[in-house]
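Here's the structure, in structure tokens; my notes come after.
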């Protein structure tokens, strides 16, 4: 997923959260950045791959191999200009995600994440996904979330998240459970998005929805 404020400013739409760069923003990138982004996206599984609909298994070994995997995922996330990436998306059925909701903060890894609590207060926003190119749909999610897990060393981590960060964490944890944004949106938007995917076209929610 992409930085909320940057995406909102670039598209002129408030409250838009995208895992992938909006076309207008991507068009403003230099050639080298675009080339790196394309190379990174080529390593991300795309819609239709059964791994994306599978539940990831618990991580049990906190070793150098895990740390190397985290570093690789962070690079892929950053070079694809995303703000979150789950291990399922790179073909690894392990309960591991990385996220960076703002360019000014350090990227984080969260292993074996669990949602402790979600607020009753929810908000609908449009979301995209690196694994579902050119498609954005509206997803209603809780605004606040408490998430716990472990860091790369196996130490306990507790995150009190709100707004964009809470949405990104919910999106990536969904991935680890084999749940995609198409499973979270309205029936009509899911139908429209699937039709666009079959045709190789772009999709965004109609303005009247």
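Taken together, the values in this text are just the output of simple stated rules run on the coordinates, not laboratory data. This one's a predicted model, so the numbers in the text were calculated from it and none came from an experiment. As a convention, Cβ positions derive from the backbone with ideal geometry for all residues, glycine included, and neighbour counts pool all protein chains shown.
For segment 94-209, place one equal point scatterer on every Cα, skip the solvent, and apply the Debye formula. What is log10 of I(q)/I(0) at q = 0.15, 0.17, 0.19 Å⁻¹? Debye intensities relative to I(0), on a log10 scale: -0.71, -0.87, -1.03. Protection proxy ranking of 151-157, 183-189, 105-111, 170-176, by the mean of other Cβ atoms within 10 Å over each peptide's residues and highest first, is 170-176, 105-111, 183-189, 151-157. Return the FRET efficiency for the residue pair residue 51, residue 207: r is the Cβ-Cβ distance, R0 is 35 Å, and the value is rounded to the nearest 0.05. According to the calculation, E is roughly 0.55.
Using a simple spin-label model with pseudo-atoms 7 Å out from Cα toward Cβ, residue 121 and residue 105 lie 1.8 nm apart. Taking the empirical scaling 2.2 N^0.38 Å for compact globular proteins as reference, segment 34-96 has a Cα radius of gyration ratio of 1.13. Taking label positions 7 Å along the Cα-Cβ direction at both residue 71 and residue 157, the computed distance is 1.7 nm, reported to one decimal. Here each label is just a point 7 Å from Cα along the line to Cβ, and for residue 114 and residue 179 those points are 1.6 nm apart. Computed over the chain, the P(r) tail beyond 28 angstrom holds 22 percent of alpha carbon pairs.
Highest mean packing first, where packing is the average number of other Cβ atoms within 10 Å per residue, the peptides 50-60, 68-78, 123-133 line up as 123-133, 68-78, 50-60.
In this calculation the C-beta distance from residue 58 to residue 30 is compared with R0 = 41 Å, giving a FRET efficiency of 0.50.
In this structure, residue 187 and residue 43 have a Cβ-Cβ separation that, at R0 = 35 Å, corresponds to a calculated FRET efficiency of about 0.65.
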